[in-house]
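Below: the structure, in structure tokens.
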Amino acid sequence: MQAWLCETLEGVGALRWRELPTPEPAAGELRVAIRAASLNFPDLLIVEGKYQAKPALPFVPGAEFAGIVDAVGAGVTTFAVGQPVAVVGTHGGFASHACVDASRVIPLPAGFALEDAAAFAFTYGTSQHALIDRGALRAGETVLVLGAAGGVGSAAVQIAKAAGARVIAAASSAAKCRLCREIGADATIDYSQEDLRQALKTLTDGRGPDIVYDPVGGAFAEPALRSIAWRGRYLVVGFAAGSIPALPWNLALLKGAAIVGVFWGEFVRREPQASAAAIAELAHWYTQGRIKPVIDRRYPLQELPEAFERMASRQALGKLLVVQGN
Ligand SMILES: NC(=O)c1ccc[n+]([C@@H]2O[C@H](COP(=O)([O-])OP(=O)(O)OC[C@H]3O[C@@H](n4cnc5c(N)ncnc54)[C@H](OP(=O)(O)O)[C@@H]3O)[C@@H](O)[C@H]2O)c1
């Protein structure tokens, strides 16, 4: 098989393209012939040793992928060769094949496009868990999404709309704001040009958003929390800007607001039945056309470094894929 290998934790530049023996599935595993894998921000962190999960070296990065089962190990009865599946884990996807424990594999319903499946569970699972489960979003509330044209951000825009919210999408360029309106945002704020706090005042008649969905951290966290509505919920999703905000706690007191942590991977590990039910509901929304991954660009697997460069330099409009077999 062909694979990108992380042999040292020196980042994307140190990844190596390797020809390796195609692995055989062990008992309880199946082998996936990978058709597409998507990039998620944690893929950047894991190859620098900066992510919670730290696989033993060398490893193949790529947390999310989809393809066709092409071999099953002993004892696997729930999957068959030829079946389309998706996988979300910590690594293994930036390769032509991967062997994975059958318990981690998601069977795909008919009509679920493989490329969409490769860019689905991580972002939509995270945003559903954040907004609906942790944030208790109700129809009619206003949601502010920061980094709204990114992977989890664009999923959050779509899920909040599907749940009946009014969505204000905030992002760093006019092109990103345009994309957010195309996927359903009611209003946008280009925070490279506009003052976030003032724009939120204007757009909410001074009331503020009921929910702030924040996968970015950095400099916009404090103005966003200052703007939040009475009984608001501030969802701490990630720190793509690189710095972890330290915020004055009196802001939470003054608004009767909650700072709510979101850790989807741990939710999947600790509450597998609840997370499987959430993914099944999201898949149903997908088949109804209520949500659909925004694919920015597709790269041949061998061009993974270019895809990483687009993500790290903040150019991606939605999700990036590496694909094969086309
Ligand atoms: N809590 C969880 O369970 C969970 C699950 C999945 C992901 N995450 C986290 O969520 C964050 C976003 O992940 P993602 O896969 O959606 O990433 P992504 O597609 O790259 O989106 C990240 C967005 O952050 C903004 N950003 C601001 N400063 C940036 C910088 N210096 N470098 C890169 N982006 C920057 C960009 O939007 P603008 O240019 O518009 O500002 C970008 O669109 C990451 O921190 C990730 O670790 C958390």
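Work through the residues other than Gly28 whose Cβ is under 15 Å from its Cβ and net out their charges, Lys, Arg +1 and Asp, Glu -1.
Surrounding charge for Gly28 is -1.
In whole Hz, with x marking every Gly and Pro, tabulate ³J(HN,Hα) for the range 94-111 from phi via Karplus 6.51 cos²θ - 1.76 cosθ + 1.60, θ = phi - 60°.
Coupling constants for the range 94-111: 8, 7, 7, 9, 8, 9, 9, 5, 4, 5, 9, 9, 9, x, 9, x, 4, x Hz.
Amide H neighbours of Thr142 under 5 Å, at least 5 residues apart or on other chains, H built in the peptide plane: list them.
The list, which skips near neighbours in sequence, is Arg166, Asp210, Ile211.
State the percentage of accessible surface on the chain attributable to carbon and sulfur atoms; use a 1.4 Å probe and exclude ligands, DNA and RNA.
After summing per-atom areas, the C and S share lands at 54 percent.
What's the local net charge at Pro58, with K and R +1, D and E -1, over the other residues with C-beta under 12 Å away?
+1
Find the percent of Cα-Cα distances in the chain that exceed 35 Å, and round it to a whole number.
When every Cα pair of the chain is considered, 20 percent fall beyond 35 Å.
Let me check I've understood the local charge: for Thr142, count other residues with C-beta under 13 angstrom from its C-beta, Lys and Arg +1, Asp and Glu -1. What total comes out?
Neighbourhood net charge equals +3.
Using just the C-alpha positions of the range 122-265 as equal point scatterers, what log10 of I(q)/I(0) does the Debye formula give at each q in 0.08 1/Å?
For the requested q values the scattering log ratios are -0.17.
Using 0.36 nm times the number of residues separating Arg314 and Gln193, minus their current alpha carbon distance, what extension gain do you get?
Answer, rounded to one decimal: 41.9 nm.
Go through the range 200-307 and name the trypsin sites (Lys or Arg not before Pro) that are in a DSSP coil and have 11 or fewer other Cβ atoms within 10 Å of their Cβ.
Arg231
What relative contact order, as a whole-number percentage, does the range 122-265 give when Cα pairs under 8 Å and 6 or more residues apart are counted?
About 23 percent, as a whole number.
Name the residue, out of Pro209, Pro84, Pro107, whose mean-square fluctuation peaks in a Gaussian network model built on the chain with Cα pairs under 10 Å.
Among Pro209, Pro84, Pro107, the largest GNM mean-square fluctuation belongs to Pro107.
Under 10 Å, Cα contacts only: if you run a Gaussian network model on the chain, which one of Gly150, Gly111, Gly140 comes out with the highest mean-square fluctuation?
Greatest mean-square fluctuation among the candidates belongs to Gly111.
Over 28 Å between C-alpha atoms is what I'm after, so list which of Lys161/Lys255; Lys54/Lys292; Lys50/Lys319; Lys255/Lys292; Lys176/Lys292; Lys54/Lys319 land there.
Correct reply: Lys54/Lys292; Lys255/Lys292.
Against the longest alpha carbon principal axis of the chain, how many degrees, from 0 to 90 and to the nearest 10, is the axis of helix 151-162 turned?
The answer is roughly 60 degrees.
Quickly estimate the mean residue ellipticity at 222 nm for the chain, helices only: each DSSP H run with n ≥ 4 gives -39500 (n - 2.57), and the total goes over all residues, rounded to 500.
Taken over the chain, the calculation gives -7500 deg cm²/dmol.
Taking the chain as a Gaussian network, Cα atoms linked when under 10 Å apart, which of Phe94, Phe122, Phe239 shows the biggest mean-square fluctuation?
Phe239
Pick out, in residue order, every one of the trypsin sites (Lys or Arg not before Pro) in the range 109-189 that is DSSP loop and has at most 16 other C-beta atoms within 10 Å; say none if there are none.
Sites meeting the loop and neighbour criteria: Arg138.
Within the range 69-89, whose backbone N sits under 18 Å from a point 7 Å along Cα→Cβ of Ala27?
Zone members listed by number: 72-79.
What per residue convex hull volume, in Å³, do the alpha-carbon atoms of the range 23-95 yield?
91
The range 136-194: Rg/Rh from Cα coordinates, Kirkwood Rh?
0.95
Given a 1.4 Å probe, how much area per residue of the range 122-265 is accessible, in Å²?
Normalised by residue count, the accessible surface of the range 122-265 is 40 Å².
Where in the range 33-74 does the label zone of Glu7 land, with the point 7 angstrom along Cα→C-beta and an amide N cut-off under 15 Å?
Taking a point 7 Å out along Cα→Cβ of Glu7, the residues of the range 33-74 whose backbone N falls under 15 Å are 57-61.
Taking 0.36 nm per intervening residue step and subtracting the Cα-Cα distance, what contour gain separates Glu303 from Ser173 on full extension?
44.2 nm
Stretched out fully, how many nm does the piece from Ala276 to Ala139 gain, at 0.36 nm a residue minus the Cα gap?
Value of the extension gain: 47.0 nm.
The values are calculated or read from the model by the stated rules, or taken from the named source; none is laboratory data. Owing to the predicted nature of the structure, the values given are computational and were not obtained by experimental measurement. In this analysis, Cβ positions are derived from the backbone assuming ideal geometry, glycine residues included, and neighbour counts consider all displayed protein chains. Ligands, DNA and RNA are excluded from the accessible area calculation, which covers all protein heavy atoms including side chains. Shrake-Rupley method; radii C 1.70, N 1.55, O 1.52, S 1.80 Å.
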